[in-house]
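K.L.:
Pasting in a structure now, in structure tokens, and then I'll have a few things to ask.
The values are calculated or read from the model by the stated rules, or taken from the named source; none is laboratory data. All of these numbers come straight from a predicted model, not from anything done at the bench. Methodologically, a virtual Cβ is constructed for each residue, glycine included, from the backbone with ideal geometry; neighbour enumeration extends over all protein chains shown.
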Amino acid sequence: MLRGQPRKPRRERKLGRPRRALSECSDLLVKIGVISDTHNYLDPKVIQFLADVGHILHAGDIGLPWLIAELEAIAPVIAVSGNTDDPGLNYADTRFVELDGRKFLLHHIVDPLAPVAQMQERILSQRPDVIVFGHTHKPFSEKINGVLYFNPGYAGKSRFGMERTMAILHCDRGGIRPEWIPLE
């Protein structure tokens, strides 16, 4: 399998990282919509696929605020700024949120194999279960040192023959299972 391609995350656990008590996670399946790199385009299929999620995470390169407002009509949205977003729109660079007993860190540009020093510090201090990122326009899911690094892929307008995807994270006591959804 090529590096960076979606695959089933390995079960690994970094020593010293406390194991989450099962009672902290819901018995019910929680669905989290994950999207990135919309570049001011909201495909009508995205709205359809997100119809029954409890939360939406947007990993940057959003476009204008109308897009977030459309998503918020579906479910609560946590979003971060991307490298093409106008700084005047005041999207946060990084967000940290706990959903269903799991900690999510969102940041647009992340290198899972070599996080920059500031990101490494955040990982150590906030101890996320999942890091959601975008920028590469390529789906990615890999567990590294006990943290799931997750990129939903590219959901903007079709260009350069790139595959367009979004994702749903299915979360329950058994863990987190990603599902990529093609937008073609």
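K.L.:
For segment 100-144, how many residues meet the condition of being on the phi < 0 side of the Ramachandran plot and either touching a helix residue (DSSP H, G or I) at 6+ places or on another chain (Cβ under 6 Å) or of a type in the set (A, V, I, L, M) (or both)?
P.N.:
Of the residues in segment 100-144, 15 are on the phi < 0 side of the Ramachandran plot and either touching a helix residue (DSSP H, G or I) at 6+ places or on another chain (Cβ under 6 Å) or of a type in the set (A, V, I, L, M) (or both).
K.L.:
Run Glu163 past the list (1) touching a Pro at 6+ places or on another chain (Cβ under 9 Å); (2) at pLDDT below 95; (3) over 23 Å from Ile47 (Cα atoms) and report the number of the one that doesn't hold.
P.N.:
(3)
K.L.:
Out of Ile56, Ile62, report the one residue that is under 22 Å from Glu142 (Cα atoms) and at pLDDT 95 or above.
P.N.:
From the options Ile56, Ile62, the qualifying one is Ile56.
K.L.:
Looking only at segment 147-176, count how many residues are under 18 Å from His107 (Cβ atoms) and small (Gly, Ala, Ser).
P.N.:
So the answer is 3.
K.L.:
Now, a different point. When you look at Gly161, is it surrounded by fewer than 20 Cβ atoms within 10 Å (Cβ to Cβ) and touching a Ser or Thr at 6+ places or on another chain (Cβ under 8 Å), yes or no?
P.N.:
no
K.L.:
Which residues, taken from segment 76-103, are closer than 22 Å to Ile47 by Cα and under 15 Å from the mean Cα position of the chain (by Cα)? Don't jump to the end; show me each part of the working.
P.N.:
The first filter runs over segment 76-103 and keeps only residues closer than 22 Å to Ile47 by Cα, leaving 76-82, 85, 91, 99.
Hits for segment 76-103 are Pro76, Val77, Ile78, Ala79, Val80, Ser81, Gly82, Leu99.
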